[in-house]
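Structure first, then comments.
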Number of protein chains: 2
Amino acid sequence: MNAKIQALVESIQPVDRSIETDIIDHLNDLTKPPGSLGKLEQLVTQFCLASQSSQPKIGKKIIFTFAGDHGVAAEGVSAFPQEVTPQMVANIAMGGAAVNVLGKHAGAEIRVIDMGVAVPVEFPGVIQKKIKAGTDNMAQGPAMSVEEAEKALWVGIELAQAAKEEGALLIGTGEMGIANTTPSSALFAALLPCEVEEITGRGTGINDEVLKHKIGVIKKSLKVNASSLSNPLEALAAVGGLEIAGICGLILGAAACKLPLVVDGFISSAAALVACKLNPSVEDYLFFSHKSQEAGHQTFLNKFGVEPILDLQMRLGEGTGAALAMTLIDASIKIYNEMATFSSAGVSKE
Amino acid sequence: MNAKIQALVESIQPVDRSIETDIIDHLNDLTKPPGSLGKLEQLVTQFCLASQSSQPKIGKKIIFTFAGDHGVAAEGVSAFPQEVTPQMVANIAMGGAAVNVLGKHAGAEIRVIDMGVAVPVEFPGVIQKKIKAGTDNMAQGPAMSVEEAEKALWVGIELAQAAKEEGALLIGTGEMGIANTTPSSALFAALLPCEVEEITGRGTGINDEVLKHKIGVIKKSLKVNASSLSNPLEALAAVGGLEIAGICGLILGAAACKLPLVVDGFISSAAALVACKLNPSVEDYLFFSHKSQEAGHQTFLNKFGVEPILDLQMRLGEGTGAALAMTLIDASIKIYNEMATFSSAGVSKE
């Protein structure tokens, strides 16, 4: 790992829990039975800890949607053709995608980044950070070099740092990349670790036959790249993706500057897993937004031991789950800041 | 049942599904894999069907929080004293309760109605509809007469009709009433039906000993009122509550005028069960907002066969779950109205 990234990864600290008692005391002084708002109380507590303040604020929110193509798409693992990646990047840049609608609903700005779409996507509004024009086919060798993965990580790290500098108080991840459930499943299988069968699903909607083929392609990719899988960064390069590496960088950058981050669904979780393998303290800064309908996501959630905020049977990606989860994090902050206390409202405590 | 209520109950029709194909065709034309937004797509479909329009709109939203006291509180079934009911009614009227904060977050107005608080709650902002000063102790006889239950139903019916007339497009239920999980569990046990043990939980936080006692009190109430439990209206009077009857009326009134309604948690579900027993078509108009942390709620959801929108481990009531679910229904309507289509965005469909 290059020295710059290594220094950043090593700088990530667990959250300081010394303010936790104050936070919980305040929640218990609000006019409700203690703990009766369940996950909302947990969300605001985690938000306070991640941002190191017992006075949580709602402010600028940004969802970063990283786009990239995948050489492994040539193996026929997706229901949609690769040309959909640039088309959807354009759609996001124009504001017509689901993540735009849900981002607006959540009060979050959407930024779309070209990390490695196979063709130029030089539309207004697309942040140009292409590392290369799609990964190589991981079923035949590494998807990218370690140096390319590091470049992609650094793009994400810098975006998180810039978000913090411009005053963002909460950021989220998202992605667009035809075939990207395939490298995500490969990363989970390598790093959780788990069996390929239990982490591989239908992506945007493949049938039984293609699913069987997809599992075979992932197994072949893991075999071809077996020597690279013992180390998170090398695994990311060998069987990951450029947008996945960008997300991983965003997560590392956010954790390093104590900026709470909402992880979208299946693909973003794979990136989060890589980041947490690089430094386990990263997890303190992450909200897992939702349980994806993608079959393998439950396997990740169980093995990694996290409980997502929502289960809306969504499987779209882009950052749509992150956007909806942000609305609940905001709700939890409002509860903390706006409810009356037992004493102020003259309500008996027991 | 009095003729006026009977006529209204009989007027409730199942939704007309003739527009469902148009709705689903439109959802499948949006730039996402078909069905990939999961429950959001189901929510907007149901909203369209309930309001009989394939052009759903976001408009005025109101949550009605019905308050009432319970004679059975004298049996010592709650963690909080009865004086908390009027205190919390005042808190809601002043805007300091959780439902006020979450209602504002959802863009919903909160209206609090005195259906039967034991003491006067004549504060500004409280809708005065007291039927009587708390129910009688159901462990010793019926909680109220059938006539009183009918009066309470009519209050709810009229509130729903008035909401429709003033242009509300979505309404929700909520409640405040110390000890009201006790009559709710009794209603579930009588009407689902189910065992008292599997539907009775800790309410606002009672210990094992009090829980055992609460189960005994519910069993005694069901025994004392056994002759009234075969009919939903008589059961509501015998082992229900004034706020529960108000919610039941609101639900019936909403279904009769095709106004989609969000059911809050455990207590509101008991009211919804009564309404659906009176006319099963009512269910077409209902969104079940969340799975309550109250232990018995899962029993209801399983036996009644509904899947709630959220599971945030909340157990507060007031309408807090309804408020949060409204934000997701709004999100689903925005998806339907604001996303680009495949043709407009130039995205390949497969």
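The values are calculated or read from the model by the stated rules, or taken from the named source; none is laboratory data. All figures in this text were calculated on a predicted structure; none of them were measured in a lab. With ideal geometry, Cβ positions are generated from the backbone for all residues, glycine too; neighbour counts draw on all protein chains shown. Heads up: the accessible areas ignore ligands, DNA and RNA and are worked out on the full protein's heavy atoms, side chains in. Shrake-Rupley method; radii C 1.70, N 1.55, O 1.52, S 1.80 Å.
Karplus-based coupling profile of segment B:248-259, in residue order and whole Hz: 4, x, 4, 5, 4, x, 5, 4, 5, 9, 6, 10, with θ = phi - 60° in 6.51 cos²θ - 1.76 cosθ + 1.60 and x standing for Gly or Pro. Within the assembled protein chains, the solvent-accessible surface assigned to A:L8 is about 20 Å², based on a 1.4 Å probe. Computed over the alpha-carbon pairs of segment A:239-350, the distance histogram in 10 Å steps reads 14, 40, 27, 11, 7, 1 percent, short to long.
Starting from the label point of B:S344 at 7 Å along Cα→Cβ, the same points in the other copies fall at 4.3 nm, in ascending order. Per residue, the accessible area of segment A:22-154 comes to 35 Å², computed with a 1.4 Å probe over protein heavy atoms only. Reported to the nearest whole Å, the Cα centre-to-centre distance from segment B:94-158 to segment A:226-255 is 56. Take the Cα of A:Q128, step 7 Å toward its Cβ, do the same at B:F123, and the gap between the two points is 6.0 nm.
In this structure the amide hydrogen of B:F287, modeled in the peptide plane, comes within under 5 Å of the amide hydrogens of B:L261, B:V262, B:V263, none closer than 5 places in sequence on its chain. Within the shell defined by Cβ-Cβ distances under 10 Å, the residues around B:K104 carry a net charge of -1, with Lys and Arg each +1 and Asp and Glu each -1. Shown for B:N302: label points 7 Å from Cα along the beta-carbon vector, and their distances to the equivalent points in the other copies, 1.9 nm in ascending order. Counting from the shortest, the label point at B:A226, 7 Å from Cα toward Cβ, is 7.2 nm from the same position in each remaining copy.
Find the centroid of the Cα atoms in segment A:302-350 and in segment B:294-350, then give the distance between the two in whole Å. Answer, in whole Å: 14.
Once the partner protein chains are put back, segment B:63-92 shows a loss of at least 30 square angstrom of accessible area, versus the chain by itself, at B:F80, B:Q87, B:M88, B:N91 (probe 1.4 Å, ligands and nucleic acids excluded). Where a ≥ b ≥ c are the square roots of the eigenvalues of the C-alpha gyration tensor, would you call segment B:61-328 rounded, which needs a/c under 1.5, or, failing that, prolate if a/b is larger than b/c, or oblate? Rounded, since a/c falls under 1.5. For A:E109, the residues 5 or more places off, or on other chains, whose built amide H falls under 5 Å of its own are A:K61, A:I62, A:I63.
For chain B, modelled as a Gaussian network with Cα springs under 10 Å, which listed residue fluctuates most, B:A139, B:A67, B:A226? Its mean-square fluctuation being the largest, the pick is B:A226.
For segment A:1-142, what is the convex hull (Cα atoms) projected area averaged across all directions, in square nanometres?
Details: hull surface 51.1 nm².
So the mean shadow area of the Cα hull is 12.8 nm².
Spin-label model, B:R17/A:E109: points 7 Å from Cα along the beta carbon direction are separated by 4.7 nm. In this structure, the pairs whose alpha-carbon distance is over 27 Å, taken from A:K303/B:K334; A:K164/B:K334; A:K334/B:K277; B:K32/B:K277; B:K212/B:K303, are A:K303/B:K334; A:K164/B:K334; A:K334/B:K277; B:K32/B:K277.
Which order do B:H290, A:H26 take when ranked by solvent-accessible area (1.4 Å probe, heavy atoms of all protein chains), largest first?
Working: B:H290 10, A:H26 60 Å².
From most exposed to least exposed: A:H26, B:H290.
With Cβ to Cβ distances under 11 Å as the rule, what net charge do the other residues near B:G116 carry (K, R +1; D, E -1)?
Numbers: positive: B:K129, B:K130, B:K132, B:K151; negative: B:D69, B:D114, B:D136, B:E148, B:E243.
Overall, the nearby charge balance is -1.
What sits nearest the axis between copies A and B, counting only chain A Cβ atoms, is the residue and whole-Å distance A:T327, 3. The accessible-area loss of segment B:11-56 on complex formation, taken against its chain alone with a 1.4 Å probe, reaches 50 Å² or more at B:P33, B:S36, B:L37, B:K39. The string of couplings for segment B:334-339 from the Karplus curve (6.51, -1.76, 1.60, θ = phi - 60°) is 5, 3, 4, 8, 10, 6 Hz, one whole number per residue in order, with x for Gly and Pro.
Less than 10 Å Cβ to Cβ from A:A322, Lys/Arg counted +1 and Asp/Glu -1: what total charge do the surrounding residues give? Surrounding charge for A:A322 is -1. Under the criterion of Cα pairs below 8 Å and six or more residues apart, the relative contact order for segment A:61-328 equals 26 percent. Computed with a 1.4 Å probe over protein heavy atoms only, the accessible area of A:R111 comes to about 50 Å².
Of A:S228, A:S36, B:S18, the residue with the largest accessible area leads and the full order is B:S18, A:S228, A:S36 (1.4 Å probe). Can you work out the base-10 log of I(q)/I(0) for segment B:8-89 at q = 0.13 1/Å, using the Debye formula on its C-alpha atoms alone? One equal scatterer on each Cα of segment B:8-89 leads to -0.67.
Show log10 I(q)/I(0) for segment B:197-241 at q = 0.19 Å⁻¹, two decimals, from a solvent-free Debye sum over equal Cα scatterers. For the requested q values the scattering log ratios are -0.64. Compute the Cα gyration tensor for segment B:144-184, then decide on rounded, prolate or oblate, letting a ≥ b ≥ c be the square roots of its eigenvalues: rounded whenever a/c is under 1.5, prolate when a/b is larger than b/c in the other cases, and oblate in all that remain. Oblate, since a/c reaches 1.5 and b/c is not below a/b.
The spread of Cα positions in segment B:100-171, taken along each principal axis and listed from longest to shortest, comes to 43, 23, 21 Å.
Can you tell me how the protein assembly as shown classifies by the Cα gyration tensor, rounded, prolate or oblate, using a/c under 1.5 as the rounded cut?
prolate
Quote the total accessible area buried by chains A and B together, excluding ligands, DNA and RNA, probe 1.4 Å, nearest 100 Å². List each step's numbers first, then the result.
Values: alone 13770 and 13760 Å², together 23340 Å².
The contact between B and A buries close to 4200 Å².
The calculated FRET efficiency for B:E166 paired with A:K223, based on their beta-carbon distance and R0 = 60 Å, is about 0.35.
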